[in-house]
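Down below is the structure, laid out as structure tokens.
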Protein chains: 2
Amino acid sequence: MRIAQLAPLTEPVPPRGYGGTELVVSLLTDELVARGHEITLFASGDSRTKAKLMSVVDSALRTSPDIPERRWMAYDLRSLLKLEEMQSEFDVIHNHMGWQALPALSRMKLPTVTTNHNPVKDYCAPIYLALRKLPYVSISDAYRRFNYPDDLNYVATVYNGIDVDSFESAHPGKRSYLLFLGRLCADKGTAESIEIARRVGLPLKIAGKVDANDVEYFDAKVRPHLKAPEIEYLGEVGHAEKVRLYGQAIAVVYPIAFEEPFGLVMAEALASGTPVVALARGSVPEVLDQNTAIIGDSVDELVKEFPRLQTISEAACKSRARDLFSKEQMAAAYERVYAVLSERC
Amino acid sequence: MRIAQLAPLTEPVPPRGYGGTELVVSLLTDELVARGHEITLFASGDSRTKAKLMSVVDSALRTSPDIPERRWMAYDLRSLLKLEEMQSEFDVIHNHMGWQALPALSRMKLPTVTTNHNPVKDYCAPIYLALRKLPYVSISDAYRRFNYPDDLNYVATVYNGIDVDSFESAHPGKRSYLLFLGRLCADKGTAESIEIARRVGLPLKIAGKVDANDVEYFDAKVRPHLKAPEIEYLGEVGHAEKVRLYGQAIAVVYPIAFEEPFGLVMAEALASGTPVVALARGSVPEVLDQNTAIIGDSVDELVKEFPRLQTISEAACKSRARDLFSKEQMAAAYERVYAVLSERC
């Protein structure tokens, strides 16, 4: 098919650092090209892609200090006008840009689909609701449950894909600690991770950043417990270090305290052959299962069930990652969405 | 007629402080209501208007610190979606919001007109050019000359109106100084104003703000010359003080060094019965004439011609302000624009 992929312009595709949406767009786009589709990627000019690149701005907006945020939307509109001008060249448009694109999509003459990468917050909800009939994809059933399930025209749930082969497990016997990876904050349950590690008597490595508004939490709930090697904080880590940390962990602890729509950490852990110990919030019960995780409703329950980790195999974890969260399965799922939408039109 | 006025959401209508566009929208809207039209004003909820007010945000965006600039456009889109939903209730839409509204206007089913209050800068020019067939109004012929005169579908030039009656002249004989009013910077010619005052031997009062990036200019070109009462800097002044300053000035000096599209200061001076001494740049030759101003191509020429001020009467200045720059003439001019556009459709 001839598909237009519409990316945000804030980060390049793929992103240099943080940028979950741009990473997913990159993996999806390159995989669709590999599967023989003709893809045009609307993204910032510093993007790197196997698709044909259409850009209205040389550098991603967040890396252009001379472009104030209030002008960002001018570039979004220019990207959308370019897409509108070229629309006869495509069979379907896939929007990853969010609310910015919805009014423009509503007047395109071909099928469109919008993946909701971010929660529909109050300030933009009226835009989604005014254009509720456009086709939407949720990134998990949990996402959908908390984002206007009865109002928006959700046509599918497609999990975010990762490059499963870029993760690896350690040599047998090398796994020696629990791992907390992600932003250190109450929502992600850093303090509960420390409690779990202590109660099961295993060392914990903590990797991730402390945002400015989480410094108080860090100072009160995390810093007092830091004492290597029992509880060790490594700061932010890059991809290579992250792969090494996943691959040598006995389990990733994930005692989240909010309805996380899609936890990339869980998918990456499974891809590394590493089970997850998680509280049953948000997408946890979808992403994980009894063969790959300890899932419970409280820290007490997780600690009590912890010994069952012995029964979980690396192979089961990797197999689930490959079946549900590979970029290949993501591309195949979107191919089905595009096909259904094209038939409808 | 039933008219939708679409204001920016950054400042309330009218603005509490700076906000040239919002002031013009306020004067136009209230005057159109007074003339019997049915006006709906799309603006922030803290606006005050005689029209029916439609708001998607309680407070103007610039006064809402909890709304980051990158979300401002969500409110613009919400205002536009509300307008689209209500479009059958109007005969014409008048856009003052700028490029943000153009794609939405292009799909409305009724006549629209966009007043270009700001220059078409490079970052948004592709949006204007993609929608060049929409009807545009320039705020002066000078504006049009420097903003894609051969590309955009300009249907009229309408000068910004002011509330002429809110300005007043001093009692005869009370006029005793030259006045520079506006931002202190090279473009506005603050230093040249000082030179003119010295060479003609009259005191100069300077009123206006110094922007952060003009501090260097102020320190080098203005501050060394300040010595009251000959050259006096008053800082920023409010409306009442501004009216008093205009009304007691022998003349306003306006030696601008750029192509100013519309100098509100000139209109306000004339409304106060005060002549202007100006360099012939931008809209100067349109706004002023030989009966109301000394116009020249250099400071030397202005100084040489200065004695001719004696021949200029308060009445001529006020009369020109009333004929060209009153809110009443602005409303009448827009009524003609609306009528022509409605006939075309």
(message) Among the numbered criteria (1) without any contact (Cβ under 8 Å) to a residue 24 or more places away in the chain; (2) over 24 Å from the mean Cα position of the chain (by Cα), which one does A:Val222 miss?
(response) (1)
(request) Go through segment A:79-102 and give me each residue that's of a type outside the set (Val, Ile, Thr), away from chain B (no Cβ under 11 Å) and either outside any helix (DSSP H, G or I) or open to solvent by less than 20 Å² (accessible area, probe 1.4 Å) (or both). (result) A:Leu83, A:Met86, A:Phe90, A:Asp91, A:His94, A:Asn95, A:His96, A:Met97
(message) Please determine whether any residue of segment A:88-101 is charged (D, E, K, R) and in contact with a Gly (Cβ under 8 Å, 6 or more places away or on another chain).
(response) no
(request) State whether the residues of segment A:122-139 include one that is among the aliphatic types (A, V, I, L, M) and modelled with pLDDT under 95. (result) no
(message) So A:Pro119 passes all but one of these: (1) open to solvent by 10 Å² or more (accessible area, probe 1.4 Å); (2) at pLDDT 95 or above; (3) within 18 Å of the chain's Cα centre (by Cα). Which condition number does it fail?
(response) (2)
(message) Could you check segment B:194-226 and list, in sequence order, the residues that are touching a Leu at 6+ places or on another chain (Cβ under 9 Å), farther than 22 Å from B:Ser298 by Cα and in a loop (DSSP other than H, G, I, E, B)?
(response) B:Gly208, B:Lys209, B:Val210, B:Asp211
(request) Considering only residues that are farther than 16 Å from A:Val164 by Cα and assigned to a helix (DSSP H, G or I), look in segment A:268-294 and name the one that is most open to solvent (accessible area, probe 1.4 Å). (result) A:Pro285
(message) Let me spell it out: the conditions are (1) charged (D, E, K, R); (2) farther than 29 Å from A:Tyr128 by Cβ; (3) over 21 Å from the mean Cα position of the chain (by Cα), and B:Glu89 meets all of them except one. Which number is the exception?
(response) (2)
(message) Kindly evaluate A:Ala191 against the criterion of being crowded, with 18+ Cβ neighbours inside 10 Å and either part of a loop (DSSP other than H, G, I, E, B) or over 18 Å from the mean Cα position of the chain (by Cα) (or both).
(response) yes
(message) Restricting to segment A:13-48, count the residues that are surrounded by 24 or more Cβ atoms within 10 Å (Cβ to Cβ) and under 17 Å from the mean Cα position of the chain (by Cα).
(response) 7
(message) Conditions first: (1) in contact with a helix residue (DSSP H, G or I) (Cβ under 7 Å, 6 or more places away or on another chain); (2) free of Cβ contacts under 8 Å to residues at least 24 places away in the same chain; (3) not aliphatic (A, V, I, L, M). B:Lys304 passes all but one, so which condition is the exception?
(response) (1)
(request) Would you confirm whether any residue within segment B:107-115 is open to solvent by less than 20 Å² (accessible area, probe 1.4 Å) and within 8 Å of another protein chain (Cβ to nearest Cβ)? (result) no
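The rows are residues; the columns are (1) away from chain B (no Cβ under 12 Å); (2) assigned to a helix (DSSP H, G or I); (3) open to solvent by 20 Å² or more (accessible area, probe 1.4 Å).
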residue: A:Lys50; (1), (2), (3): yes, no, yes
residue: A:Arg62; (1), (2), (3): no, yes, yes
residue: A:Ile67; (1), (2), (3): no, no, yes
residue: A:Met73; (1), (2), (3): no, yes, no
residue: A:Leu77; (1), (2), (3): no, yes, no
residue: A:Ala104; (1), (2), (3): no, yes, no
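The values are calculated or read from the model by the stated rules, or taken from the named source; none is laboratory data. Quick caveat, the model's predicted, so the values are computed rather than measured. With ideal geometry, Cβ positions are generated from the backbone for all residues, glycine too; neighbour counts draw on all protein chains shown. To get the accessible areas, we keep the full protein, side chains included, count just its heavy atoms, and leave off ligands, DNA and RNA. Shrake-Rupley method; radii C 1.70, N 1.55, O 1.52, S 1.80 Å.
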